[in-house]
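Worksheet: the structure to be examined is printed underneath.
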Amino acid sequence: MKSSILRPLLEVAMVLLVVLGAVRWVTGLFSKRTAVYRITAARQMRLLFWPLLALGAGLSVLPAVALSGQRTTLFEWLLAVGFLLFTLVLSGPALVLFLRYWAVNQETVLLFQPTENEFEVYEAGQRVAFERRDLTHVERVTCSARRTFWAKYDYLRLHLADGRIVVLTSLLTDLEPLALFLRNLPLERRSRYWCWV
């Protein structure tokens with residue numbers, strides 16, 4: 001009876017793994033090095049690959065148990081719901097952070113070319129007017145939970161002299177090179193378990 005449930009689960013998990021792996025490979029194949037950073041499908045897929053895979057595996061359990069008919073015991077239902085909740089605990093925080101970062105930076109474009117000393121931020125097609133000398137300090141927040149699906153979510157806050165704060169998230173690009181570029185400014189590094197902006 002247990003093998004009748006296990007086989008569809010393994011088949012669905014393998015299909016999810018192959019499909020998500022192929023999408024990640026294709027988006028990586030067509031990505032190129034650029035000085036203009038915005039939210040792209042390749043970057044989104046890189047951050048969402050493991051959370052979506054875990055969530056898909058968790059969601060695939062319920063139909064498999066439901067389709068097995070009247071032979072399903074209460075223990076099997078509890079096991080399926082427990083597995084779904086476990087995958088939600090693993091993937092949920094990463095998905096919530098992804099949605100938050102997307103809301104913060106969906107219209108943000110970063111022009112960053114350190115060799116040419118170029119650094120500009122655009123919001124909704126308009127340049128955010130500031131020069132490097134207008135920055136009072138930089139706040140770099142990274143994730144301290146290294147072995148989680150949300151470990152790659154971090155952000156940078158640029159504090160301007162006029163009180164404005166420009167937020168750049170890891171949904172745009174890897175932020176460490178930008179933090180190194182701004183190393184002459186006062187840099188406040190913080191580590192959090194969950195990097196909510």
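The values are calculated or read from the model by the stated rules, or taken from the named source; none is laboratory data. Values in this document were obtained by computation on a predicted structure and should not be read as measured data. Ideal geometry is used to build each Cβ from the backbone, glycine not excepted, and the neighbour counts take in all protein chains shown. SASA here: full protein model, heavy atoms, side chains in, ligands and nucleic acids out. Shrake-Rupley method; radii C 1.70, N 1.55, O 1.52, S 1.80 Å.
Quick look at the values:
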| item | result |
| --- | --- |
| Sulfur and carbon atoms: percent of accessible area, the chain [1.4 Å] | 64 percent |
| Loop-exposed trypsin sites (Lys or Arg not before Pro) per DSSP, neighbour cap 15 Cβ within 10 angstrom, longest uninterrupted part of the chain | 34-145 |
| Nearest 10 degrees, 0 to 90: helix 41-66 Cα axis against the chain principal axis | 20 degrees |
| Surface accessible to a 1.4 Å probe, VAL23 within the full protein complex, Å² | 60 Å² |
| Per-q log10 I(q)/I(0), region 47-154, q = 0.23 Å⁻¹ (Debye; single scatterer per alpha-carbon; no solvent) | -1.20 |
| GLN44 versus TRP194: modelled label distance in nm, points set 7 Å from Cα along the beta carbon direction | 2.3 nm |
| Dipole of the chain [Lys/Arg +1, Asp/Glu -1 at C-beta], most positive-end residue of THR173, PHE98, ALA66 | ALA66 |
| Rounded to 10°, Cα long-axis angle of helix 2-29 versus longest principal axis of the chain | 20 degrees |
| Value of D in µm² per second that Stokes-Einstein yields for the chain, Kirkwood Rh from Cα pairs, at 20 °C (1.002 mPa s) | 112 µm²/s |
| Kirkwood Rh, Cα atoms: Rg over Rh of region 120-186 | 1.00 |
| In degrees, nearest ten, helix 74-105 long axis to first principal axis of the chain (Cα) | 20 degrees |
| Extension gain from ALA124 to ALA161, taking 0.36 nm per residue of separation minus the Cα-Cα distance | 11.1 nm |
